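Below: one structure, written as structure tokens.
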Amino acid sequence: MNSVNKEGELNLKSAGRGSLAFLQGFLRHPEQVASIIPSSRFLERRLVDCACIRHASLVVELGPGTGGTTQAMLKAMRPDAKLLSIEITPEFVELLRRHPDPRLNVQLGSAEHVREILHQQQLPPPDVVVSGIPFSTMPLTMGRRIIGAVWDSLPPGGLFVAYQVRDRVALLSRKLLGQPEVELELFNVPPMRFFRWRKPEA
């Protein structure tokens, strides 16, 4: 009974540290953090389904923050799958690297360098790239570079899924990626839109 209580206390403390780190990250770099509040469990479930996480061998996550979506994807992933999370905020990277799951590989860096990081880590093209980074608050040129890098990193049939409050990512992607499939998750603060593209097989 004591071990259960201690585990529960540890989980609560970790959750508290994660929320505090999320708020601090937002206050220091609002252009890099999509929301002041971590993702809801409804958003996490929809993300897992929309990105076909259960069937993927390699998932790349851009902007995992404090790891709410990271944890949700790890729970859904196959035992032999891998998750590469790329985060630009050092405090978030330090927090994520405490996660004990050996399938998780956390790297400090910018999303526009996704191809280079995959190469450095000796990883193949991912089945899906998931992005929570706020395209609406970054310079247009950087947004286009990130989208181009993501698209180039995907194999034919690969998925790119971006969950966003606004539709900037769809506007930036229109020429290169075409029209996305769009879903809306209302049970999140704020409500979140999911934009999904699949790279053509040919």
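The Leu184 and Ser57 beta-carbon pair, evaluated with R₀ = 22 Å, returns a calculated FRET efficiency of approximately 0.15. Placing R0 at 22 angstrom, the Cβ-Cβ distance between Arg97 and Glu201 gives a FRET efficiency of 0.05 after rounding to 0.05.
Here, each number is a calculation from the coordinates, and none is a lab measurement. Quick caveat, the model's predicted, so the values are computed rather than measured. With ideal geometry, Cβ positions are generated from the backbone for all residues, glycine too; neighbour counts draw on all protein chains shown.
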